Amino acid sequence: MPRYDIVVFGATSFVGRLVCRHLLARHGAQGELRWAMAARSRERLEAVRAELGPDAAAVPLVMADSGDEVSLGAMVGATRVVLSTVGPYALYGSLLVRLCAEQGVDYCDLTGEVPWMARMLAAHGDTAARSGARIVHCAGFDSVPSDVGVHVLQREAATRLGAPCTRVGMRLKAASGAFSGGTVASLLNVLREARADDETRALLADPYALCPREGRPSTEQPEVGLTARDALSGGWIAPFIMGAINTRVVHRSHALRAHAWGADFRYDEAVMTGGGVRGWMGAAGMGAGLGGFMAALSVPPTRWLLERFVLPAPGEGPSPEAQERGFFDIRLFGLTADDASLQLRVTGDRDPGYGSTCKMIGEVAVALADGIGEYPGGGFFTPSVALGDALVERLEAHAGMTFEVID
Ligand SMILES: NC(=O)c1ccc[n+]([C@@H]2O[C@H](COP(=O)([O-])OP(=O)(O)OC[C@H]3O[C@@H](n4cnc5c(N)ncnc54)[C@H](OP(=O)(O)O)[C@@H]3O)[C@@H](O)[C@H]2O)c1
């Protein structure tokens, strides 16, 4: 039997430290859940463990470097689940995914790097299916609220409306939070890859990038313009920066569920800015701001200025007070083929990217370690397909999230 249930690889990262804090608060250092903190430097690991307080003193430390197959293989061999926060994943995550797939060890992470996920799936999907490893990318704010939210909406649609929603729109109603340096580094790395490579650009533009080639639907997916009037919510909307990740994950869930929501299932994500002139101005401002930000990141001089003076550096992120004050409120609007409608509210009680994300991925890892699962065997799963309703219950009980149908 492996020595640990969960190893948190990247325990020294901004978000990794929060994950360790969550596991310590929920399970203690020497409780039933046997977990360990891993990183490449013993000195930094010891400093992080000391920061967590005296209760953490008994948490074991594991040394592993993402580029060193020997130390990484030993870490993978010692645990049932690897939870990785070492990103950008395209730079530091590939060997780890390969080893987990080969050794049949469950794995979850916080990547939002769609081209990298597509590459991992193509390279190691069959190996994971054979070994029984469950690989679960996107186990944080990208894409748990969207992916698990759509799962709950469809479950409720089946019960209440007797049919799936063939059209679903996720709308961010309100949120408070900020980015960390690691997230910025990952975004910049995706943009760098996209500039250098046609295939990466094509993957980024493909809503079905994470779906199996065979049986891929040809349904055209809705695209949110910079400013648009929204038939689903009745107000104005602007693009949601995480939509390009979450939509791909939701379509993968649909494919893994054998297209149970219909071959013409359509899904998009946007930010709601309200009705009237004020709503239009909000959407126009947000659309222009996002367009300007992405344009500035793609040009070397402005990118340098942003990285140097505006964006957080690796290891930095929102303060504990900002995480505590943070929250999110998401609405999922569903329509069946007969135009019956259903609305679901998904909320979180901390800032989306860190205070809430650390609890989401912590619960995903514990559920994997507990052997919970709806889908037989191994492979590359989304959070909702890997863990289903059991994850919904755990997110509500332990991660400060709610999933509630609105009449
Ligand atoms: N999906 C979401 O909602 C969400 C939310 C938050 C974060 N994220 C993602 O999570 C990742 C981490 O973000 P962050 O801000 O916490 O990052 P960060 O603070 O910059 O930390 C990066 C981590 O990677 C480790 N690392 C770098 N090279 C390594 C190597 N060769 N071997 C082992 N470890 C290595 C660093 O270890 P050292 O301490 O030794 O340098 C550090 O622990 C990013 O990819 C980010 O995009 C996603």
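The values are calculated or read from the model by the stated rules, or taken from the named source; none is laboratory data. All values reported here derive from a predicted model rather than from experimental measurement. Here the Cβ is made from the backbone with ideal geometry for all residues, glycine too, and neighbour counts use every protein chain on show.
Could you grab me the full set of residues in the stretch 86-125 that are of a type in the set (D, E, K, R) and modelled with pLDDT under 95? Spell out the reasoning first.
If we filter the stretch 86-125 for residues that are of a type in the set (D, E, K, R), which is where we start, we get 98, 102, 106, 109, 113, 119.
Correct list: empty.
I'd like the full set of residues that are touching a residue at least 60 places away in the same chain (Cβ under 8 Å) and under 30 Å from Gly162 (Cα atoms), limited to the stretch 258-308.
Hits for the stretch 258-308 are Ala260, Trp261, Gly262, Asp264, Phe265, Arg266, Tyr267, Asp268, Glu269, Ala270, Val271, Met272.
In the stretch 97-192, which strands (runs of 3 or more DSSP E) lie fully inside it and hold 3 or more residues that are more than 10 Å from the ligand (Cβ to nearest atom) and not assigned by TED's automatic domain parsing to the domain that holds Ala209?
106-109, 134-136
Table: residues versus (1) modelled with pLDDT of 95 or more; (2) in contact with a His (Cβ under 9 Å, 6 or more places away or on another chain); (3) away from the ligand (no atom under 13 Å from the Cβ).
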residue: Val15; (1), (2), (3): yes, no, no
residue: Cys20; (1), (2), (3): yes, no, no
residue: Gly28; (1), (2), (3): yes, no, yes
residue: Gly31; (1), (2), (3): no, no, yes
residue: Arg44; (1), (2), (3): yes, no, no
residue: Val48; (1), (2), (3): yes, no, no
residue: Val81; (1), (2), (3): yes, no, yes
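Report every pair of residues separated by at least 6 positions or lying on different chains whose Cβ atoms are under 6 Å apart, first residue within the stretch 74-87 and within 25 Å of Asn189 (Cβ to Cβ) and assigned by TED's automatic domain parsing to the domain that holds Gly10, second at pLDDT below 95 and of a type outside the set (S, T, N, Q).
These pairs meet every condition: Gly87/Gly182.
Residues that are farther than 15 Å from Phe265 by Cα, away from the ligand (no atom under 13 Å from the Cβ), assigned by TED's automatic domain parsing to the domain that holds Leu311 and modelled with pLDDT of 95 or more: does the stretch 207-221 have at least one?
Of all residues in the stretch 207-221, those farther than 15 Å from Phe265 by Cα come to 209-210, 212-214.
Next, from what is left, pick out any that are away from the ligand (no atom under 13 Å from the Cβ): 209-210, 212-214.
Going one step further and asking which of them are assigned by TED's automatic domain parsing to the domain that holds Leu311, we end up with 209-210, 212-214.
Going one step further and asking which of them are modelled with pLDDT of 95 or more, we end up with 209-210.
Yes, the stretch 207-221 contains at least one residue that is farther than 15 Å from Phe265 by Cα, away from the ligand (no atom under 13 Å from the Cβ), assigned by TED's automatic domain parsing to the domain that holds Leu311 and modelled with pLDDT of 95 or more.
Taking the criterion of being assigned to a loop (DSSP other than H, G, I, E, B) and more than 23 Å from Tyr267 (Cα to Cα), would at least one residue in the stretch 381-390 satisfy it?
no
Report, by residue number, each residue of the stretch 242-259 that is out of contact with any strand residue (DSSP E or B) (no Cβ under 9 Å at 6 or more places or on another chain) and over 12 Å from Ser384 (Cβ atoms).
Narrowing the stretch 242-259 to residues out of contact with any strand residue (DSSP E or B) (no Cβ under 9 Å at 6 or more places or on another chain): 255, 257-259.
Across the stretch 242-259, the qualifying residues are Ala255, Ala258, His259.
Working carefully through the options Asp389, Asp349, Asp370, find the one that is in contact (Cβ under 8 Å) with a residue 24 or more places away in the chain, surrounded by 15 or more Cβ atoms within 10 Å (Cβ to Cβ) and of a type in the set (Asp, Glu).
Step by step, each of Asp389, Asp349, Asp370 is checked, and only Asp349 is in contact (Cβ under 8 Å) with a residue 24 or more places away in the chain, surrounded by 15 or more Cβ atoms within 10 Å (Cβ to Cβ) and of a type in the set (Asp, Glu).
What tally of residues in the stretch 317-346 results from selecting those that are surrounded by fewer than 15 Cβ atoms within 10 Å (Cβ to Cβ) and over 19 Å from Ala231 (Cα atoms)?
Here the count works out to 5.
When the stretch 363-386 is examined, which residues are found to be more than 14 Å from the chain's Cα centre (by Cα) and within 21 Å of Leu23 (Cα to Cα)?
Selection gives Val366, Ala367, Leu368, Ala369, Asp370, Gly371, Ile372, Gly373.
Give me the residue from the stretch 291-318 that is modelled with pLDDT under 85 and either of a type in the set (D, E, K, R) or not assigned by TED's automatic domain parsing to the domain that holds Ala174 (or both) and, out of that set, nearest to Thr85 (Cα to Cα).
Looking at the filtered set, the residue picked out is Glu307.
Quick check on the stretch 72-99: of everything there that is more than 16 Å from Val15 (Cβ to Cβ) and within 19 Å of the chain's Cα centre (by Cα), which residue is surrounded by the most Cβ atoms within 10 Å (Cβ to Cβ)?
The residue in question is Val97.
If I filter the stretch 319-336 for residues that are part of a strand (DSSP E or B), among the polar types (S, T, N, Q) and assigned by TED's automatic domain parsing to the domain that holds Ala244, do I get at least one hit?
Within the stretch 319-336, one or more residues are part of a strand (DSSP E or B), among the polar types (S, T, N, Q) and assigned by TED's automatic domain parsing to the domain that holds Ala244.
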